[in-house]
Every structure is written in C-alpha cells, then in structure tokens.
Amino acid sequence: MKLAEDLKKAVLQAAMQGKLTKQLKTDSSVDELLKKIAEEKEALVIRKNAREDKDYGAIQDNEIEFEIPSSWRWIRISNIGVYKKGPFGSALTKSIFVTKSENSVKVYEQKNAIQKDSSIGEYYISKEYYETKMKSFTVESGDIIVSCAGTIGETFILPDNIELGIINQALMRMNIAESINLDFFLYYFDHVLKQNAKKESSGSAIKNIPPFDIFKAMLFPLPPMEEQQRIVEKLNQILPLIDEYGKEEDELIELCQKFPEEMKKSVLQAAMQGKLTKQLETDSSVDELLKKIAEEKVKLIEEKIIPKTKVLPEIQEEEIPFDIPENWRWTRLRNIVYSRGQKTPDKKFSYIDIGSINNQKQILSKNENIIEAKDAPSRARKIVAKNDVIYSTVRPYLHNMCIIDKDFSEEPIASTGFAVMTCIKILPEFLLKYLLSPDFDAYANDHENSKGVAYPAINDDRLYKALIPLPPIEEQQRIVEKLNAILPIIDSMAVYGTKKKTGRPKQEEALAFISSLLGTKKSTDSKPVTSEIMELTAKAKEALPAIVKKYAELMDVTYNRITIRHQKTRWGSCTKTGNLNFNCLIMKMPETVRDYVIIHELSHRKELNHSTKFWAVVAEYCPWYKEAKQWLKENGQKLMEQ
C-alpha cells in the first residue's frame, strides 16, 4: 500500500479521535446537541415520509473501537439521519424506461455519485409510474446519494435545480440532521464507515453497502458543533497536501518501476553524445575515416558488389538533434553501411525472421530454422553474413535488432522485414548501440517516418537518411566497452515498486558502481551552496513562472510543476507529464538565451524528441534560437562551472 494512502487514513483516524484539534471549554454542550439532533431526525422522518427506525439498543463497550474526548458522545448512525436504499432491480427494468419528455422523471444512477455530476445519465420513467410506484425514492437538492455496489461509498450532495428524479437500485439516499456538519459526517463516512463496510462484506472486495440493520447500528463520534467545524477546517488544510504528495508518490513509483529502462536510455543517449568517454588527442581523425569509407564504397560500386545510390542531401543544422564533441562528425546512415541485396533461396537455408531475435537483449537465437528452398516463405530474401547488423523496420519500437554474430550450418537468409546493414570500417557493436538510443528510436518511430496503423514501418529511404554521430574508431571501441559494462548492471537492478529478486545487487551499490564508471562519483566533501546560487534560485522562482506562462499561452501548451535547481549538466528539462525543470543559472544568461531555454522545453510539450518537427516548433516561437544556441556553445560550459 502506498505511503500517501496510509498517511491519509492515519490523519482521518486522528481527526475522528479528537487528536487534530483542541477541545475548548467554550464549545457548546454535546448533550444539548443530541436533543436537537433527535428533534431534527423526527422532522426528517415526516418530510421524507420515512419509517421510524427500530431501537438498536444502548451502545455497549465492546462496540466502541476507539476512545474519544470526554466532551464528545457516541451515537448510532440511525439516530442522526434518514436513509433510503433504491428499489429492487425488478422495479426498474429496461422495459419500464421511456424517452425524456415533459412527462418523464429522471433515474439517477451510480455514475452520478461516482462522477459527482447530476447531469449525466439517460434513463427516465413515466410520471405515472413515478406517482404510483416510485415516489418514495425521490431525491431533491441537498440529498446525499451514495454508490452502493461495486465502487461503494462514493458520495455526492445533489446541487440546486436538479431534475425531478429517483434513485436506482445501486444508490442509497441519505439526509443528515442539520446540526451535524455535513462535511464532518462525510469525512467520517468516507473513512470509518467504508472500513466497517469492508469488514462486513464477504470476500476481500467490498461488493455492497452492509445490510441496513448493520449500517444503521454503526457508531458515529459526535463532537460539539464548533469542534466539528475546526476538524473540517483542519482536514481541508491537510488532506490536499497528502493528495499532492500522493501524486508525487505515484510519479516516483512509476519512475522507479521504469528505472532500469529509463536509466538505460539515459546512458545510451549520454554515450552517443560523447559523455561516457574521454576524447583523446591520440585518436585517429574522423574526417580521414569518412574519406576511407567513401573510397571503400566507390570500390564496392566499381566491383558491382553494391549498386550506385543517389546522393544524399547535405545535413542541415535544423536536423542535428544534439551537440557532439568537436572531433566527432555527423553523417547519414547510408554513408557508412550497405546492403548485400536479395536473392530467392535455391537450396536449403537458415531462415532468420523476427522470432529469431530476443528483443530484450538484442541477440540472435542459438537455434537455427532450417528450411528447404521449395518451402521458403515469400519474405525470405535478404542476404546476410557474419557481423552484419539487422534491424526490423516493422514496428521499430519493439527493438527487434541484433548483430549476426555466429556461423550457420546453412546459408543464412533474412526476412524482408529487416534492413540488413553491412558496416564499412565502423564497429557493428557501436551501430547497434546507436540504433537502440532514444534519439534514433524517436526518429524511427516518428509518425512521419513510421507509416501504417496496425504495423507501422519505416521505409529504407527514410531509414538510411537518418543521422548518426560518428566518433573515431578508437572511441567507438571505448564506448562499446563502457556500455557493455554498464547496461548489464542496470538490467540487474531491483527498485522501489518492483519485487526484489535474491542475488541482485542493492540499488545504491549499483548506482554507485555506475557513477564510478561514468566518472561522476560524488565527493564525500559536498560543495556548499553559495549565497549567489541561493539568490539566483530565489530570483528564478519569482520570475520564471510568469515567463513560462506567457510562452505556454502563446504556444498553446500546458504544463504542471516548475522546479528550480542548481544543475551541473542541464539548462532545463521537460517530463512526459509536463513537469518543467530549470537551472537557476539561466538567470545569468541574456534574456534572449534564457527565453530560448524556456521555449525549448515547452516545445517538448508538442514533440518529445529533437526531430525536425521539434526544431520547427522552436523556430516558430523563437526565431533567434540559432544565435541562442551559439551563445550557449561559447559560454555555457563556463557558466555551468559556477
């Protein structure tokens, strides 16, 4: 059970025991209040044409579940109001319902109580049937309706000017004496009565409100009227804070349950931005590498091993999704790989289809699927060889990809559902890791690239136009080695919200190990927060909300919380749920650069990636974004080090 739920129950229980409020001598007498409630109950019986309740007897000590202050009294539920359950189901069958008209009466349903809305619902009975059979089930403004089956105990006070109507068989009507604070009663009903109802219900689920004899005999703690009001005010103050905490707890649980996958994505993305490895002066030149790759391609074309392909367009700045180290280069996928082509099997072969891949580990099955040529599926056409990378272009979000890392007993042939990529002078392992990265994933699964509804697929033309950040060959090797060390640790993590398995490392140990691998292990001597950072944080908290609101309205986007932090690696971020985080240091930037950071994060409310469409959104609302990016490139690192 969640901590927020436990906390809410504890607070409500404390309130009902008089532990949240002071008992004041100036409060009125509860004994006098009891007399007044008895008079009001009699008036309710007459007004609602209700039956007199039977005498449930004096309250016994063994019925009292907790102590209350000496100035309070216990009273039975039957003595504080009038209650009416809906008619039997046979009295409201479909054959009885009529179309809404001047001569119809509304039938209020369980969903009116659950959704707190009297306007919904489309069931009506005739006025004649209402007058002759259903009048005792009438509800009026101010009546409380309660859901009695399935989702039980949901209450709703009917507002003014409702349609004339009755309750159905899944509702109960309650009318409480006026001298009882209705909010106080409903807090008690929501907490204690629901708990008792659960005890009285058969099985683990609450299937129905308990029988009336049990329900009406339940006890209600009665404070003085003044203290009832103080309790309501206190609960109105505390419970929203617990609800807000509950939302944050839900987000935390969701985050922790997704932790290994989200951590894996972050690490992969960091690797592809050159943040996991050092850039060494001794590494070879990427420009020379690209030149050798181009020469190799020309040779392959001349030898008619691969066909000549059309020249790909130059890379535009708007296409570049993130910054890379100075000694890396952006290139298009087709520039560094080629396809071996297709053939119709003419002899026994080893068939590789989608089912041959473990898409959790991106490895090829050890078992071979040997097929005779005459039995070859129509999709068995792609030529593959050892060290090729195969990537499923159908439903790319499933990550059916791997390296052909073994020899086969028969010639391997892959399904046409794969793009087969033979790497030219780059590491297949590096390419595979990039195909798994969040940025490439966003590109491949963008609806502009991945067409189709049931089986979206990215075609070869769009696939091979994709950008790839290319490090020196030596750094490719370092990246692969680093990822091969880190990713298994992440996969082994046991986290909050999931069932722990024996033999797994503790989360803290795993995180510490990963931090050491990343070179981000924190010093035990934490750096104190300076007065300047405190001032910047306060300034940002005061100024940024209005600026964010201005641009959000301009861009027609919504957002949730705004958080200000002193971060060492990011200027801002936007979560899937719309929570915005900003570095307090943006208050030291020129206003145009600061506003670019804000617009950048708000643009993620339209596009959760750095695709061409994302940059088009940024450009629309921040025409100066290129100048702002250049300022950050020249000054950002120095500012971040403060």
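Structure data summary
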{"item": "The stretch 619-641, subset in contact (Cβ under 8 Å) with a residue 60 or more places away in the chain and of a type outside the set (A, V, I, L, M), residue surrounded by the most Cβ atoms within 10 Å (Cβ to Cβ)", "result": "Tyr621"}
{"item": "Hits in the stretch 366-390 - residues which are surrounded by 14 or more Cβ atoms within 10 Å (Cβ to Cβ) and of a type in the set (Gly, Ala, Ser)", "result": "Ala376, Ala380"}
{"item": "Matching entry among Leu536, Leu470 (being among the aliphatic types (A, V, I, L, M), more than 26 Å from Thr282 (Cα to Cα), in contact with a Leu (Cβ under 8 Å, 6 or more places away or on another chain) and at pLDDT 65 or above)", "result": "Leu536"}
{"item": "Residue ID - modelled with the highest pLDDT, chosen from residues in the stretch 52-83 that are of a type in the set (Lys, Arg) and open to solvent by 60 Å² or more (accessible area, probe 1.4 Å)", "result": "Arg73"}
{"item": "Subset of the stretch 297-324 that is over 42 Å from the mean Cα position of the chain (by Cα), of a type outside the set (A, V, I, L, M) and loosely packed, with under 15 Cβ neighbours inside 10 Å - its residue that is nearest to Cys622 (Cα to Cα)", "result": "Lys310"}
{"item": "Residue match in the stretch 299-311 (condition: of a type outside the set (Asp, Glu), in contact with a Pro (Cβ under 8 Å, 6 or more places away or on another chain), modelled with pLDDT of 85 or more and over 26 Å from Pro488 (Cα atoms))", "result": "yes"}
{"item": "Count of residues meeting criterion [open to solvent by less than 40 Å² (accessible area, probe 1.4 Å), free of Cβ contacts under 8 Å to residues at least 60 places away in the same chain and under 48 Å from the mean Cα position of the chain (by Cα)] in the stretch 1-51", "result": "1"}
{"item": "Any hit, the stretch 592-601, residues being out of contact with any Lys or Arg (no Cβ under 7 Å at 6 or more places or on another chain), charged (D, E, K, R), open to solvent by less than 20 Å² (accessible area, probe 1.4 Å) and in a helix (DSSP H, G or I)", "result": "yes"}
{"item": "Qualifying residue in the stretch 568-583 (condition: of a type in the set (Ser, Thr, Tyr), in contact with a strand residue (DSSP E or B) (Cβ under 6 Å, 6 or more places away or on another chain) and either surrounded by 14 or more Cβ atoms within 10 Å (Cβ to Cβ) or farther than 25 Å from Glu641 by Cβ (or both))", "result": "yes"}
{"item": "Test: residue in the stretch 497-515 that is out of contact with any Phe, Trp or Tyr (no Cβ under 6 Å at 6 or more places or on another chain), modelled with pLDDT of 85 or more and open to solvent by 60 Å² or more (accessible area, probe 1.4 Å)", "result": "no"}
{"item": "Residue under evaluation Pro210, criteria (1) assigned to a loop (DSSP other than H, G, I, E, B); (2) of a type outside the set (Val, Ile, Thr); (3) at pLDDT 90 or above, criterion not met", "result": "(3)"}
{"item": "Of all residues in the stretch 405-427 being under 37 Å from the mean Cα position of the chain (by Cα) and of a type in the set (Ser, Thr, Tyr), the one that is farthest from Ser350 (Cα to Cα)", "result": "Thr416"}
{"item": "Whichever residue in the stretch 111-143 is assigned to a loop (DSSP other than H, G, I, E, B) and within 15 Å of Ser101 (Cβ to Cβ) and, among such residues, is farthest from the chain's Cα centre (by Cα)", "result": "Tyr123"}
{"item": "Where a residue in the stretch 271-288 is without any contact (Cβ under 8 Å) to a residue 24 or more places away in the chain and its partner, wherever it lies, is of a type in the set (Phe, Trp, Tyr), with Cβ under 8 Å and at least six apart", "result": "none"}
{"item": "Given (1) surrounded by 16 or more Cβ atoms within 10 Å (Cβ to Cβ); (2) modelled with pLDDT under 85, number of the condition Glu248 does not satisfy", "result": "(1)"}
{"item": "Candidates Val597, Val618, filtered to the one that is among the β-branched types (Val, Ile, Thr) and closer than 21 Å to Ala543 by Cβ", "result": "Val597"}
{"item": "Residue under evaluation Ile363, criteria (1) in contact (Cβ under 8 Å) with a residue 24 or more places away in the chain; (2) buried (at least 18 other Cβ atoms within 10 Å of the Cβ), criterion not met", "result": "(2)"}
{"item": "Hits in the stretch 327-347 - residues which are open to solvent by 80 Å² or more (accessible area, probe 1.4 Å), assigned to a loop (DSSP other than H, G, I, E, B) and in contact (Cβ under 8 Å) with a residue 40 or more places away in the chain", "result": "Arg340, Lys347"}
{"item": "Scan of the stretch 146-169 for residues that are at pLDDT 90 or above and part of a loop (DSSP other than H, G, I, E, B), ordered by number", "result": "Leu158, Pro159, Asp160, Asn161, Ile162, Glu163, Leu164, Asn168, Gln169"}
{"item": "Tabulated pairs, the stretch 597-618, first touching a residue at least 12 places away in the same chain (Cβ under 8 Å), second among the hydroxyl-bearing types (Ser, Thr, Tyr) and open to solvent by 30 Å² or more (accessible area, probe 1.4 Å), C-beta under 6 angstrom, 6+ apart or interchain", "result": "Ile599/Tyr621"}
{"item": "Those residues of the stretch 75-93 which are under 44 Å from the mean Cα position of the chain (by Cα) and over 29 Å from Glu109 (Cβ atoms), in sequence order", "result": "Arg76"}
{"item": "The stretch 90-110, subset touching a residue at least 40 places away in the same chain (Cβ under 8 Å) and not in a loop (DSSP other than H, G, I, E, B), residue surrounded by the fewest Cβ atoms within 10 Å (Cβ to Cβ)", "result": "Ala91"}
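The values are calculated or read from the model by the stated rules, or taken from the named source; none is laboratory data. Not measured: the values here are computed from a predicted model. Don't worry about glycine lacking a Cβ; one is built from the backbone with ideal geometry, like all the others, and counts go over all protein chains shown. Areas reflect the complete protein model, heavy atoms only, side chains present, ligands, DNA and RNA absent. Shrake-Rupley method; radii C 1.70, N 1.55, O 1.52, S 1.80 Å.
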